[in-house]
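I have placed the structure first, in the form of structure tokens, so that the comments after it can refer back to it.
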Amino acid sequence: MKRHFQVKPKIGVFSFTSCEGCQLQILNLEDEFMTLIDYIEFVNFREAISEKGEDYEIAFVEGSITRESEIAELKNIRERAKILIALGTCSHLGGINVLKNFHPQDSWLPSVYGRKDLFTDTIRTKRIKDVVPVDLVIPGCPIDKGEFLRFVQALLLRIKPVLPNYPVCVECRTKGNVCLVEEGKWCLGSVTRAGCGAICPTYRDSCSGCRGLVSEPNIESLCNILMEKGLTKEDVRDKFNIFNGLETINI
Amino acid sequence: MDAIIEYRDVERFILELLSDYDVIAPVSKDSHYIFDQIDDPARVVPIIIRNYDTTLLPPVKWIYPDSEVLLRFNINELTETKAVTASRKQVLAFLHPCDINAINIMDEILAEEPSDLNYLARRRPTVMIGYDCPGPCRENILCFDKGYHKADRGFDLFFTDTGDRFYVSTATDTGNAIAEKSAVLRKAGYADKVDLMKINWERETRFKKSVHGDMNRLSHLLKESYDDGIWDIEGKKCLSCGACNIVCPTCYCFDVVDEISPDMEKGLRYRKWDGCQLHNFCETASGENFREGIAARVRHRIFKKEVYLKKRFGRSGCVGCGRCIDSCIAHISIIDIFNHVMEKARGHGEI
Ligand code: SF4
Ligand code: SF4
Ligand code: SF4
Ligand code: SF4
Ligand code: SF4
């Protein structure tokens with residue numbers, strides 16, 4: 001006999017400052033997506049449906065907060081949702097949007113928009129957790145679609161979804177990759193939360209830490225290792241700033 | 001029947017194997033080597049004719065894969081739960097002695113009651129072909145210190161390079177059957193056997209010890225060093241990245257995870273490799289972690305191989321392949337640690 005999940009939980013997917021790639025990852029589930037909607041109901045999901053329902057219990061929030069007006073919108077979502085889940089690095093860590101925080105607005109506005117007086121309605125980038133309490137995080141730039149599916153399934157089964165707390169190196173070595181650091185290159189995989197299947201080092205590109213840090217990263221040791229490879233402390237800091245610019249990282 | 005095969009016939013021999021088995025053999029990967037399933041012998045032959053250094057991952061992965069299904073279940077009908085084992089006819093070909101010895105150790109550990117049915121199901125139909133390592137293949141190795149640079153059992157056939165051909169020793173009925181069936185093996189003669197003895201003798205002169213001191217005392221000396229400062233020093237460097245566990249041919253710890261189909265009906269329970277260097281390895285459901293500090297975890301890995309397994313099975317659980325040393329980006333080396341405890345004992349006049 002098939003189990004009936006009595007009520008379909010109502011889900012909203014919301015987007016703040018981002019490329020919307022994480023929303024797209026949900027749609028990339030394709031086959032699974034059609035099965036999934038037997039169990040859940042999307043009431044608000046701009047990239048997929050035109051309805052704008054406000055009676056959602058679970059909110060997935062993509063993007064970071066970079067405009068004053070987004071703060072009230074996010075607080076409104078938080079008030080309505082029983083469970084609020086950060087979707088992707090922008091929302092979880094601020095993501096690459098944080099890079100602007102390291103430079104005065106005057107210096108990057110012209111280089112991004114061609115002139116200084118366009119889009120001046122912008123504030124220093126915030127993670128969503130800097131504005132409202134966040135219940136769960138699906139990390140990654142973009143998120144892993146399988147992880148999204150597992151989170152939804154866990155919520156249906158009323159169990160707490162868990163993320164790996166081991167570093168990317170585990171997945172990287174398991175694949176039999178040659179380590180980039182052994183080859184003299186930089187990589188943040190040894191302090192970054194796994195779950196992406198070590199996709200960057202598998203394609204011979206350094207892990208730049210989009211999934212955030214493991215719970216007990218040994219930053220000091222990694223910093224020493226990368227300095228042996230010729231990086232300065234500032235270089236190492238810059239690497240962390242790609243995605244983890246708002247995290248407390250003592251270098 | 002011991003036999004001889006010319007270099008030029010090895011390709012043919014591998015083709016013969018391929019007609020009966022899946023063949024797993026060393027191939028090149030990014031200027032290193034790795035075991036892979038092959039269908040083209042040309043990928044393998046040049047590698048075994050010039051010897052290869054230790055592969056990135058050990059061949060035991062093909063008997064103990066990084067992820068495998070243990071159970072199938074239905075989340076609605078618990079009576080439909082079924083245990084799953086998998087196996088296939090496969091040859092693990094051209095394994096260095098250290099890797100054969102590692103599989104011998106795994107066999108012993110995993111056959112102990114309650115035995116590991118999934119491992120044994122894959123192990124039993126696996127044919128093993130050994131391959132002589134003519135001398136130190138890399139710098140950071142200690143197989144010779146441990147006597148694991150040669151293998152006396154655990155293989156069905158064993159290839160020794162004698163210059164322009166291989167001497168093929170047969171050790172089991174399966175090995176004999178393969179040798180007899182082959183059209184390219186000829187019976188070894190007296191002169192061939194003399195060649196083999198010479199090569200075996202010469203090999204011993206090529207290896208050097210990496211650890212200076214009596215390896216028989218190592219277990220004891222480590223125990224005496226339980227509170228030594230070295231663990232904190234190494235612990236400060238260790239990233240808890242688990243690389244040393246993943247690449248080790250005698251690490252067998254696993255975690256269990258469930259996966260449920262998108263239609264919320266069927267489930268698979270997997271085991272996945274885990275490692276004692278990882279932060280959550282000793283975390284229990286209550287959140288208590290009973291091996292919290294990094295230093296304690298570094299010490300545990302070494303004690304596991306050299307003290308605990310040695311006590312259970314009478315020999316070290318580390319074959320000295322050196323993979324853990326080469327893959328540690330923090331430069332944590334069991335050779336250095338062993339030399340440290342030996343040195344300390346010498347300082348105390350113990351050895
Ligand atoms: S986390 Fe990356 S993929 Fe997702 S929205 Fe932000 S920039 Fe796009
Ligand atoms: S390449 Fe990066 S992720 Fe892979 S093992 Fe090396 S440090 Fe770890
Ligand atoms: S390897 Fe690193 S940067 Fe690449 S997806 Fe994984 S966590 Fe992100
Ligand atoms: S502990 Fe290191 S040297 Fe020993 S068998 Fe494992 S990987 Fe090889
Ligand atoms: S490979 Fe080195 S840094 Fe990584 S867990 Fe092992 S000892 Fe620690």
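Things worth noting here:
- Look at (1) under 21 Å from B:Y7 (Cβ atoms); (2) in a helix (DSSP H, G or I) and you find that B:V184 fails only one, number (2).
- Selected residue [touching a His at 6+ places or on another chain (Cβ under 6 Å), on the phi < 0 side of the Ramachandran plot and surrounded by 15 or more Cβ atoms within 10 Å (Cβ to Cβ)] from B:I260, B:I230, B:I199, B:I246: B:I230
- Leading residue by the ranking (surrounded by the most Cβ atoms within 10 Å (Cβ to Cβ)) among those in the range A:44-65 that are farther than 12 Å from A:C90 by Cβ and modelled with pLDDT of 95 or more: A:F60
- The numbered conditions (1) closer than 30 Å to B:C324 by Cβ; (2) more than 12 Å from chain B (Cβ to nearest Cβ); (3) of a type outside the set (G, A, S) are all true for A:V168 except (2).
- Each residue in the range A:154-185 was checked for being of a type in the set (A, V, I, L, M, F, W, C), within 16 Å of ligand 5 (Cβ to nearest atom) and assigned to a helix (DSSP H, G or I), and 4 of them qualify.
- Sole residue being at negative phi, of a type outside the set (V, I, T) and facing chain B (nearest Cβ under 9 Å), chosen from A:N250, A:N218, A:N241: A:N218
- Checking each residue in the range B:222-275 for being among the hydroxyl-bearing types (S, T, Y), more than 16 Å from ligand 5 (Cβ to nearest atom) and either in a loop (DSSP other than H, G, I, E, B) or within 12 Å of chain A (Cβ to nearest Cβ) (or both) picks out B:S225, B:Y226, B:Y252, B:S261.
- Selection within the range A:201-215 - on the phi < 0 side of the Ramachandran plot, within 11 Å of another protein chain (Cβ to nearest Cβ) and surrounded by fewer than 21 Cβ atoms within 10 Å (Cβ to Cβ): A:S215
- Screening B:Y167 against (1) part of a strand (DSSP E or B); (2) exposed (fewer than 13 other Cβ atoms within 10 Å of the Cβ) leaves a single unmet condition, (2).
- Restricting attention to the range A:220-251, the residues being of a type outside the set (D, E, K, R) and farther than 27 Å from A:I65 by Cα number 10.
- Within the range A:148-160, residues that are facing chain B (nearest Cβ under 9 Å) and of a type in the set (K, R) have Cβ atoms under 7 Å from residues that are surrounded by 15 or more Cβ atoms within 10 Å (Cβ to Cβ) and not in a helix (DSSP H, G or I) in these pairs: A:R150/A:P161, counting only partners at least 6 apart in sequence or on another chain.
- Residue-level analysis places B:C244 among those that are under 30 Å from A:S190 (Cβ atoms) and touching a residue at least 60 places away in the same chain (Cβ under 8 Å).
- Taking the range B:195-254 as the range and being farther than 30 Å from A:C223 by Cβ and either within 16 Å of ligand 1 (Cβ to nearest atom) or among the charged types (D, E, K, R) (or both) as the test, the residues that pass are B:D195, B:K198, B:E202, B:R203, B:E204, B:R206, B:K208, B:K209, B:D214, B:R217, B:K223, B:E224.
- Filter pass, B:L17 being in a strand (DSSP E or B), touching a residue at least 12 places away in the same chain (Cβ under 8 Å) and away from chain A (no Cβ under 14 Å): no
- Failed item, numbered, when A:G197 is tested on (1) at positive phi; (2) assigned to a helix (DSSP H, G or I); (3) not aromatic (F, W, Y): (2)
- Helices (runs of 4 or more DSSP H) contained entirely in the range B:28-132, each with at least 1 residues that are more than 16 Å from ligand 5 (Cβ to nearest atom) and at pLDDT below 95: B:45-49
The values are calculated or read from the model by the stated rules, or taken from the named source; none is laboratory data. Since we're looking at a predicted model, the values are computed, not measured. Cβ sites come from the backbone with ideal geometry, for glycine too, and all protein chains shown count toward neighbours.
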